[in-house]
Amino acid sequence: MVVFTEKDKLTPFIQNLKKEGKTIGFLPTMGALHDGHLSLAKASIAQNDYTVVSIFVNPTQFNNPEDLEKYPRTEENDIKLLTEIGVDFVYLPPVSDLYNKGEVAKVYDFDGIDKVMEGEFRPGHFDGVATVVAKLFRAVNPTKAYFGEKDFQQIRIIQEMVKQEQIDVEVVPMPIFRADNGLALSSRNMRLTSENLEAAPFIYQVLKEAVALKNKGKTPTEVIDFVKETFAQSAFELEYFTITDEEKLQPIDTFNTDVKTRGFIVAYAGDIRLIDNIQF
Ligand code: AMP
């Protein structure tokens, strides 16, 4: 495996492979890799001639400086894991390779998709995500790019960004990878206390119960009330739970079989912010 730290070396290298007709799969990450990331990388390896994984903790998507500072960094182990599964190239740039000094995120108009849920609770977050992913797409120029449905709203943002920036790439959504107990794998899980780690599968259990209620004929409001009441009696603090359509991510009033819908949740276990979602 080859590690690139400069886009000026990576971009022409990949261009040469593409000129030879090779397909390039790409997985952008912030490192602290786990089996969820690896499931995406393995899909890319299976579906493309070459796979590139980027590891970059993007400063413009953190609205909380402490969160950025505390973000786990395990680069040595990340490279080991990627080598083991057969990833071809890693792009591990310093901030200066992607941003000019003092550069801030581009301000996008995503027609409200960026203002709900994560956008409401993390203002400016999606401008930062879209800015860095556009830069990464231009540096790598992949055929396909893989994103996890754990960050479902992020996928919708990337799909819109790609249209607006006219970047020629296929965005491939991938299912949420869970531990056997149902907990969605996340780099933040390693910061949970052992007690909270044991309790955290509760989040997915409640999501599954919410879907069961919908299947018994309950309305979105009734399902939301159930989740709120269940969390009020738990050790977790609910930041939000909402049920929206999958396109515009707007709250729905009724379940309609013609419209794909999803329930989105964020809950705190101590000071660790956990995110999950489920299709209804
Ligand atoms: P991150 O390093 O958190 O920015 O994540 C990089 C990519 O991996 C994003 O597309 C995430 O949605 C995806 N990802 C992270 N955790 C999981 C998971 N448990 N299952 C599926 N995809 C995931």
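PRE reach from residue 279 (point 7 Å along Cα→Cβ): which of region 163-188 fall under 19 Å by backbone N? Under 19 Å, as judged by backbone N against the label point of residue 279, lie 171-179, 182-185 of region 163-188. Contact order, relative form, for region 192-264: 24 percent (alpha carbon pairs under 8 Å, 6 or more residues apart, mean separation divided by residue count).
Counting only protein heavy atoms and a 1.4 Å probe, region 127-280 has 47 square angstrom of accessible area per residue.
Ordering 278, 33, 252 by the projection of their Cα atoms onto the charge dipole of the chain, which places +1 on the Cβ of Lys and Arg and -1 on the Cβ of Asp and Glu, puts 33 at the extreme positive end. The Stokes-Einstein estimate for region 40-118, based on a Kirkwood radius over Cα pairs and taken at 20 °C with 1.002 mPa s viscosity, is a diffusion coefficient of 140 µm²/s. Model label points for residue 253 and residue 107, set 7 angstrom from Cα along the Cα-to-Cβ axis, are 3.3 nm apart. Backbone phi angles across region 160-176, fed through the Karplus curve with coefficients 6.51, -1.76 and 1.60 (θ = phi - 60°), yield HN-Hα couplings of 6, 4, 4, 5, 5, 8, 6, 9, 8, 8, 8, 8, 10, x, 10, x, 5 Hz in residue order; Gly and Pro are listed as x.
Spatial offset of region 253-274 relative to region 7-45 amounts to 30 Å, using the alpha carbon center of each. Largest to smallest in accessible area, the residues 17, 197 fall in the order 197, 17 (1.4 Å probe, all protein chains included).
Estimated at 0.36 nm per residue, the fully extended path between residue 23 and residue 138 surpasses their Cα-Cα distance by 39.9 nm. When only the Cβ of Lys, Arg, Asp and Glu is charged (+1, +1, -1, -1), the dipole of region 149-234 relative to its Cα centre reaches about 200 debye. Near residue 58, once Lys and Arg are set to +1 and Asp and Glu to -1 for all other residues with Cβ below 14 Å from its Cβ, the sum equals -2.
In this Cβ point-charge picture (+1 for Lys and Arg, -1 for Asp and Glu), the chain has a dipole of about 520 debye about its Cα centre.
Computed over region 96-245, the Cα gyration tensor eigenvalues convert (square root of 5λ each) into semi-axes of 32, 18, 16 Å, ordered from largest to smallest.
Note: relative contact order over the chain, using C-alpha pairs below 8 Å and six or more positions apart, is 17 percent. Longest segment of the chain with no trypsin sites (Lys or Arg not before Pro) in a DSSP loop having at most 10 other Cβ atoms within 10 Å? Excluding the exposed sites themselves, the longest stretch runs over 102-215. For region 218-238, list residues with backbone N below 20 Å from a point placed 7 Å from the Cα of residue 193 toward its Cβ? 231-238, by backbone N distance to the label point. Taking only the Cα atoms of region 187-279, the radius of gyration and Dmax are 13.7, 42 Å. The share of accessible area on the chain that comes from carbon and sulfur is 49 percent, using a 1.4 angstrom probe. Dividing the Cα radius of gyration of the chain by its Kirkwood radius returns 0.97 for Rg/Rh. Computed over the chain, the per-residue total of -39500 (n - 2.57) for DSSP H runs of n ≥ 4 gives a 222 nm mean residue ellipticity of -12000 deg cm²/dmol, rounded to 500.
The values are calculated or read from the model by the stated rules, or taken from the named source; none is laboratory data. Not measured: the values here are computed from a predicted model. Counting neighbours? That spans all protein chains shown, and the Cβs are built from the backbone with ideal geometry, glycine included. Surface accessibility is based on the protein's heavy atoms, side chains included, excluding ligands, DNA and RNA. Shrake-Rupley method; radii C 1.70, N 1.55, O 1.52, S 1.80 Å.
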